Amino acid sequence: MLSKILDRFGLGIALALEAIIFAVLSPYFFTTDNLLNVSLQISITAIIAVGMTFVILTAGIDLSVGSLVAVVGVVSTILLKADFPFVLSLLLSLVAGIALGTFSGSVAGAFITRFNISPFIVTLALMTIWRGAAFVVTEGRPVWDLPEAFSLLGGGRTLGVPNPTIIMAVVFVLAHVVLNRTRFGRYVYAIGGNAEAARLAGINTRRVVTQVYMISGSLSALSGILLASRMNSGQPNSGLMYELDVIAAVVVGGTSLFGGRGSVAGTFLGSMLIGVLRNGLNLLNVGSYVQQVVVGVVILLAVLLDQWRKK
Amino acid sequence: MLDPPRTMSLILEMQQMTKRYPGVLALDRVDFSLSAGEVHALAGENGAGKSTLMKILAGAIQKDGGEILLDGQRTKIDSPHSSLKNGIGMIYQDFKLVPELTVAENISLGNEPAHRGFIDFPQMQNTARSILEQLGENIDPSVTVKTLSVAQRQIVEIAKALSRKVRILALDEPTASLTEQEIQNLFGVIRKLKSDGVGIIYISHRLDELFEIADLITVLRDGTVVGTSSLHETNKAKLIQAMVGRSLEEEYPKIQLQRQNELLSVEDLNTPKLKDVSMTLYRGEILGLAGLVGAGRTELARAIFGADRVHSGTMWLLQKAFTPRSPKDAIAAGIGLLTEDRNLQGLILQMTLSENISLASLQRLTQGLFIDRTKEKAAAGEFMRKLQIKAPSAETVVDTLSGGNRQKVILGRWLMTKSKVLIFDEPTVGIDVGVKYEIYNLINQLAKDGVGIMVISSDLPELLGICDRIAVLCDGRMTGTLSRKEATQEKILRLATEFS
């Protein structure tokens, strides 16, 4: 009975415990302001983590996400400064940014499925390429002097809720529905569980895998635009090490790196667990160096718990 | 069955072995003994307790009760290490060899001859060579294991065990993927070991071969010993009855089938493995595909299923040209393939029974954007009942099912796609006698309903027992087709070895 409860709600219970501890230690923790703040802080990486969940469910990995955030950030902001009416240039920058991310994913998918190169290597190469490209197009300098209105996208609020939080919520709900209710979602799980068996059951595994990397690329691009908007600039060094934060959130959320097992609901809890931890440690004035250590330890504990409940 | 008197000395006595798992008594006071130079077979359905008994002997799990005596001495076996130290060797179905290492390195793995901390490679080679020669085998100790055939790997496993001075050797389903010739070769090695005084425990589902190689047989059922008997004093029917606890009228149920119109025809098919293969399959018949391992039987199945590239040749399905470029095409045209390796190529083990059954039919079960899960569960449940899949519910994860039930799940998948042609690759490997019978009946029923059935099997009695016609492949070429009346083991073997 106990193991069944742990199995189903283990991560939620861990998150609740964490929240209770911080609420006791800091009176500010359980305020609406602070909780919205946490959601805003996790939103950028959590949106990427949704795409990463799809990828990891197929037993793949996408290391290019952090560099994509940077290159899409600078490309979109450069386009934003084009000499068009604002609405047109905003539209252009959004479309081009998302298209760039999707294109990157389709390249990754093509190399992985057509030439049988491991996702790790392919996306490692793309990670280097996009980081380099971000510096090349900006000559290493940030893109400044953006139209004022652009910062509303990532910095504004709607009905008091930060816009990135709303976008994150929409992305999670859509992803949950896609994974659980559509054929595509079922195929993602099937391929991660056993790619050859999936192919022999008539699934076009190449197409599904490629689409999964396109989802990851486009969500990274979305995050890249939101981040650029929040910083009101295109920074070629933004998104550094995001890939690791994102993978950590997915794995803490219980998705197996071997594929076929996991959920976006888990990824949300994983993102929250790490986000609340960082926020709480900040409120308690714990230094950023110590925070790194604590976050690392919590990741190990969370994965250990996951191993343990599987037995 | 009675315990025959044995004159040879007992080297192993397992007395009153008991092992409990949560909810089941896996072994209930089981007695088993072995003499030097004796082949003692262990038979029983999956779950009867054979592997549990062997795992205790190998030190992989701990017994809950009973005694183990070696040469009459009470001995504690509490780890794989102590089992090995006491001269007990195990050869499992999935070998424990390292494919990237050489034969010699594998044989001495964990036991390398060394001088001052450095491995003595010449000595290692010599040891390996002398053991292989002693077994009468001509395997080069310096080649990597991954280049060897399954049969050769098995010999290397045996050599590895012998290098540790093993006196008791347990073989688990050693012939599961061997050809007739390789089986005879293995039996030669076993007879040699016998004459050297090694005691051999032999586990196999293939009853015929037990009569050939074993001296004694102990049958287990539900964790208890049904009986022990000399193989001279029993017969197949008695053994099956002992294993399943009821009598089966015959091993292979065969019904009279009315062959109908032409369903699938293949003309001059060429692939990297097949040369000019032609064949025809009719509705309502069971066509066997015989041949040695590597003759191209699986390749033919995969070519028809669109899983492998085809160089040239034409295929016709119901008089219409049929060129599947992927399994997806083949499935859409009405072909279903039950692969030999159900776990690696058939099932998604962490998915539920219902999800596995519906996997190839989701298109039909999708309403707008979404899978209609109510309809899906209902359809899966229907096949679960029809095929008598034993599982708590359609939501059970297939990982927990037995081999026979897993096979039925895949069959359910292809019934749901309404397959016109069903290809069974080794349909009963690793499946209990009782469930085998059910599978044969299902195959019969499908053929009667007008499905064209192809059965690939290395088990010749099985092919002879259930097929209407048997086509024989040798070295990628079709060497002949025999009707049920004319087919015999000898004729099939002659056709299967025409070019070798």
Worksheet item: Right, B:Ile183: over 19 Å from B:Leu109 (Cβ atoms), hydrophobic (A, V, I, L, M, F, W, C) and modelled with pLDDT under 90 or not?
Response: yes
Worksheet item: With respect to B:Lys408, is the statement that it is more than 14 Å from chain A (Cβ to nearest Cβ) and either polar (S, T, N, Q) or under 19 Å from the mean Cα position of the chain (by Cα) (or both) true?
Response: yes
Practice prompt. Only one of these is modelled with pLDDT of 95 or more, away from chain B (no Cβ under 14 Å) and within 29 Å of A:Arg114 (Cβ to Cβ): A:Tyr189, A:Tyr213. Name it.
Written response: A:Tyr213
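Regarding A:Ser220, is this residue in a helix (DSSP H, G or I) and either of a type in the set (A, V, I, L, M) or buried (at least 19 other Cβ atoms within 10 Å of the Cβ) (or both)?
On the way: in a helix (DSSP H, G or I): yes; either of a type in the set (A, V, I, L, M) or buried (at least 19 other Cβ atoms within 10 Å of the Cβ) (or both): yes.
Answer is yes for this residue.
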Item to complete: Give the residues of the range A:248-267 that are in contact with a His (Cβ under 9 Å, 6 or more places away or on another chain) and of a type outside the set (Gly, Ala, Ser), sorted by residue number.
Response: A:Val264
Worksheet item: Does A:Phe268 meet the test of being part of a helix (DSSP H, G or I), touching a residue at least 40 places away in the same chain (Cβ under 8 Å) and of a type in the set (Phe, Trp, Tyr)?
Response: yes
Worksheet item: Does A:Ala265 satisfy the condition of being touching a strand residue (DSSP E or B) at 6+ places or on another chain (Cβ under 9 Å), closer than 24 Å to A:Leu277 by Cα, surrounded by fewer than 19 Cβ atoms within 10 Å (Cβ to Cβ) and more than 14 Å from chain B (Cβ to nearest Cβ)?
Response: no
Discussion item. Can you pull out every residue in the range A:131-156 that is within 15 Å of A:Gly239 (Cα to Cα) and basic (Lys, Arg)?
Written reply: A:Arg131
Practice prompt. Tally the residues that are exposed (fewer than 13 other Cβ atoms within 10 Å of the Cβ) and within 18 Å of A:Ile225 (Cα to Cα), restricting the search to the range A:159-180.
Written response: 1
Worksheet entry | Test for B:Ala447: is it farther than 26 Å from A:Ile203 by Cα and either surrounded by fewer than 22 Cβ atoms within 10 Å (Cβ to Cβ) or away from every other protein chain (no Cβ under 12 Å) (or both) | yes
Worksheet entry | Residue list for the range A:168-186, restricted to those being within 7 Å of chain B (Cβ to nearest Cβ) and under 20 Å from B:Ile331 (Cα atoms) | A:Arg183, A:Arg186
Discussion item. Just checking: which of the strands (runs of 3 or more DSSP E) contained wholly in the range B:147-232 hold 1 or more residues that are touching a Pro at 6+ places or on another chain (Cβ under 8 Å) and either basic (Lys, Arg) or farther than 22 Å from B:Glu340 by Cα (or both)?
Written reply: B:199-203, B:216-221, B:224-230
Worksheet item: On the given criteria, is B:Glu38 farther than 30 Å from B:Asn405 by Cα, touching a residue at least 40 places away in the same chain (Cβ under 8 Å), of a type in the set (D, E, K, R) and surrounded by 20 or more Cβ atoms within 10 Å (Cβ to Cβ)?
Response: yes
Worksheet entry | Matching residues, the range A:234-250, being over 30 Å from A:Asp306 (Cα atoms) and either in contact with a strand residue (DSSP E or B) (Cβ under 6 Å, 6 or more places away or on another chain) or assigned to a helix (DSSP H, G or I) (or both) | A:Gly234
Worksheet item: Which one of B:Gly368, B:Gly291 is surrounded by 19 or more Cβ atoms within 10 Å (Cβ to Cβ) and on the phi > 0 side of the Ramachandran plot?
Response: B:Gly291
Item to complete: Collect the residues in the range B:297-319 that are away from chain A (no Cβ under 14 Å) and surrounded by 24 or more Cβ atoms within 10 Å (Cβ to Cβ), keeping them in residue-number order.
Response: B:Arg297, B:Leu300
Worksheet, complete the sentence: Only one of B:Val293, B:Val266, B:Val310 is closer than 27 Å to B:Ser361 by Cα, in a loop (DSSP other than H, G, I, E, B), touching a helix residue (DSSP H, G or I) at 6+ places or on another chain (Cβ under 9 Å) and among the aliphatic types (A, V, I, L, M), namely B:Val310
Worksheet, complete the sentence: Restricted to the range A:192-209 and to residues being of a type in the set (Val, Ile, Thr) and farther than 18 Å from B:Gly334 by Cα, the residue farthest from the other protein chains (Cβ to nearest Cβ) is A:Val209
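The values are calculated or read from the model by the stated rules, or taken from the named source; none is laboratory data. Bear in mind the structure is a predicted one, so any value in this text is a computation, not a measurement. For neighbour counting, all protein chains shown are included, and Cβ atoms are generated from backbone atoms with ideal geometry for every residue, glycine included.
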